[in-house]
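Here the structure comes first, spelled out in structure tokens, and everything after it is commentary.
Here, each number is a calculation from the coordinates, and none is a lab measurement. None of the values given here were measured: they were computed from a predicted structure. Ideal geometry is used to build each Cβ from the backbone, glycine not excepted, and the neighbour counts take in all protein chains shown.
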Amino acid sequence: MPSFDLLFQPEIFLLWTSALKTAVILGIVLTMVAYSVWAERKVSAFIQDRVGPNRVGWAGLLQPLVDGVKLVLKENFVPSGVNKFFFSLAPALAFIPAVLVLAVLPFGSSLFEVPMVIANLDIGILWVFAVSSLGVYGIVLAGWSSNSKYPFLGGIRSSSQMISYEISLGLSVIPIFLITGTLNLGDIVKYQAEHGWMVFPVWTNGFDLSKLLLWIPMLISFVVFIIAMFAETNRLPFDLPEAEQELVGGYHTEYSSMRFALFFLGEYAAMIAGSGVIVTLFLGGWSLPFVPDGSQGWIWGLVNIATFFAKVAAVIFFFLWIRWTLPRFRFDQLMKLGWYVFFEVALANIFLTAVILLYFRS
Amino acid sequence: MARTVQRPKLGLLERSYLPAILGGLLVTIRHFKNMIFGRTRVTLEYPEQKWDAMLPDWYRGAPTLVKDEHGRERCVACQLCEFICPPRAITIKPGELSKDGPWAKVEKFPEEFEIDMARCIYCGLCQEVCPEQAIFLRKDYSITGETREALVHDKKKLYELGGVMTGLVHKWDEKK
């Protein structure tokens, strides 16, 4: 069968497996986006002793579908004073970067000897930072092109917040690269599968003093990274760009219909991508202790994929839990925290890690 | 004179907010857990569950007309309720009873009696003013309709909601 052989030519094989992986991962993540909105409403309701959506489908499970239909059917209103080009460009710019991050996340080990990552880039984490920081353009452009003061204030806040927290975000992961010696996210996960997770290195391959000492900078990194991620994704303790109580709706005040939905879903997509990065870097990605990877049979490959998404879901729950517990920071507190605390902590942490590594390698 | 409030001195741990954040997280997760296991039940899921059994005796629901133990309508169309009604929700068209009937001495009866529930404010003044104890605010609170016309309760509907009220008024009974 010649046509069948053609499918297994290296280049063509890469092409159709990548396309298949992209389609599947997009499907999974977009479903997760819809259901994290449902989860947000349900978790917030439960934390406040309410019931939450429970009318559409069992326990309100069809609510995201109905919300989507509602948003599509609403009028797509464009105010007269806006800059039309940037006004329509901004929602797309807010949504796309969040989805692009998914390209480099290893969401599984391997299935039928195909690595479960869409693009196995050697500069994986740099891609994540480069692309996710583009997300702020969507928000800034939305705030500016709306030609209205509250969205404008939201856009300004978003950009200054992003600048302050991107530094500690980037600095806090450098200790990981010092330890693993690679920027490739797949290799980082493999390292964690062999040597134990970054924030929980207790099991596998015994236990020695260097691991115990490196645990300290890893925990600091984890805390700094997760807090910076909250700021990066505009989640609650740092959701100043859309602070409803002071800025009406923040940067998306003037938006309606599907354009608003893109901002709304983009926020959740960014949250899922951020959770994916946290899981990949600190929580061992697809690895579970005593569970083999996909080379031991396709069933383990599927278990690895399920593990990754279960971990992502757990991190998302943490995001929601934090949101419905903490009040919002004031803007000066946010800036002070970013520049006076996390920047220094992340910087000192790099030196701490380097010193520990130097001591044990020499 | 301005009064200076002494701010409490916070320790390093307190200034880092971490214990407070942890405490807050524990509080919210406890509420979440109690909801998941069904130990908290605050919400009454209205159309399925109702609080009718808990309504107090003095609850003022929809105004209704009542009949007495003889099945005779108590209203004598005096129109006092129509006059006192603050939003003018009540419209009565009085009629004359036939001279030969058993209740000839009552003389009047309402030919039509309408209460516009889109206007009614449930104040209970009609019940208070009625000399014949013929109009009562019952416990029906879910008065709905798809048009304004559907919200106008006519005499038939009012008696349907009101039912029978015994006792209280005996002056129209035969002398014993």
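Per-residue 3J(HN,Hα) values for the range B:152-164, derived from phi via the Karplus relation 6.51 cos²θ - 1.76 cosθ + 1.60 with θ = phi - 60°, read 8, 7, 8, 4, 4, 5, 5, 6, 4, 6, x, x, 10 Hz in sequence order (x marks Gly and Pro).
Using R0 = 56 Å, the C-beta based FRET efficiency linking B:Trp58 and A:Ala348 works out to 0.20. Amide H to amide H, with H built 1.01 Å from N, B:Arg138 comes under 5 Å of B:Gly61, B:Ala62, B:Thr64, counting only residues 5 or more places away or on other chains.
Stretched out fully, how many nm does the piece from B:Ile84 to B:Asn34 gain, at 0.36 nm a residue minus the Cα gap? Numbers along the way, then the final one.
Values: separation 50, 0.36 × 50 = 18.00 nm, distance 5.15 nm.
Computed gain between B:Ile84 and B:Asn34 is 12.9 nm.
When the Gaussian network model of chain B links Cα atoms closer than 10 Å, the mean-square fluctuations of B:Gly101, B:Gly23, B:Gly163 top out at B:Gly23. Applying Stokes-Einstein at 37 °C and 0.692 mPa s to the Kirkwood radius of the range A:75-361, computed over alpha-carbon pairs, gives a translational diffusion coefficient of 166 µm² s⁻¹. Between the range B:80-156 and the range A:64-119, the alpha-carbon centres lie 60 Å apart. Spacing of the modelled spin labels on B:His70 and A:Glu11, each 7 Å from Cα toward Cβ, amounts to 10.6 nm. Comparing mean-square fluctuations of B:Glu132, B:Glu107, B:Glu146 from a GNM of chain B with C-alpha springs under 10 Å, the top value falls on B:Glu146.
With viscosity 0.692 mPa s and temperature 37 °C, the Kirkwood radius over alpha carbon pairs of the protein assembly as shown converts through Stokes-Einstein to a diffusion coefficient of 113 µm²/s.
For the options B:Met35, B:Met117, B:Met54, a Gaussian network treatment of chain B with springs between C-alpha atoms closer than 10 Å singles out B:Met35 as fluctuating the most. 3J(HN,Hα) couplings calculated from phi for the range A:65-80 with the Karplus curve 6.51 cos²θ - 1.76 cosθ + 1.60 (θ = phi - 60°) are, in sequence order, 4, 5, 4, x, 4, 4, 5, 5, 7, 6, 6, 8, 8, 10, x, 6 Hz; Gly and Pro show x. Pair-distance distribution P(r) for the range A:232-361, from all Cα-Cα distances in 5 Å bins starting at 0: 2, 9, 12, 14, 15, 15, 12, 10, 6, 4, 1, 0 percent.
The ratio of the alpha-carbon radius of gyration of the range A:152-307 to the globular-protein estimate 2.2 N^0.38 Å is 1.26. Rounded to the nearest 0.05, the FRET efficiency derived from the C-beta distance between B:Glu149 and A:Thr31 at R0 = 56 Å is 0.75. Binning the C-alpha pair distances of the range B:1-153 at 5 Å intervals from 0 yields a P(r) profile of 1, 7, 11, 12, 11, 9, 7, 5, 4, 5, 6, 6, 5, 4, 3, 2, 1, 1, 0, 0 %, listed from the shortest bin outward.
Once every DSSP H run of n ≥ 4 in chain A is given -39500 (n - 2.57) and the sum is divided by its residues, what mean residue ellipticity at 222 nm do you get, rounded to the nearest 500 deg cm²/dmol? Numbers along the way, then the final one.
Details: 14 runs with 241 residues, N = 362.
The helix-only estimate for chain A comes to -22500 deg cm²/dmol at 222 nm.
With pairing defined as another cysteine C-beta under 4.7 Å, the cysteines of the protein assembly as shown that fail it are B:Cys75, B:Cys78, B:Cys85, B:Cys120, B:Cys123, B:Cys130.
Mind giving me the FRET efficiency for A:Ser257 and A:Ala23? R0 is 22 Å, r the Cβ-Cβ distance, nearest 0.05 is fine. Write out the running numbers ahead of the final one.
Numbers: r = 27 Å, r/R0 = 1.21.
FRET efficiency, A:Ser257 to A:Ala23: 0.25.
Using θ = phi - 60° in the Karplus curve 6.51 cos²θ - 1.76 cosθ + 1.60, the 3J(HN,Hα) couplings for the range A:242-258 round to 10, 4, 4, 5, 10, 10, 6, x, x, 5, 9, 4, 8, 9, 9, 6, 5 Hz; x is entered for Gly and Pro. What is the sum of charges, Lys and Arg at +1 and Asp and Glu at -1, for the other residues whose Cβ falls under 14 Å from the Cβ of B:Gly145? Spelling it out: positives minus negatives among the neighbours equals -3.
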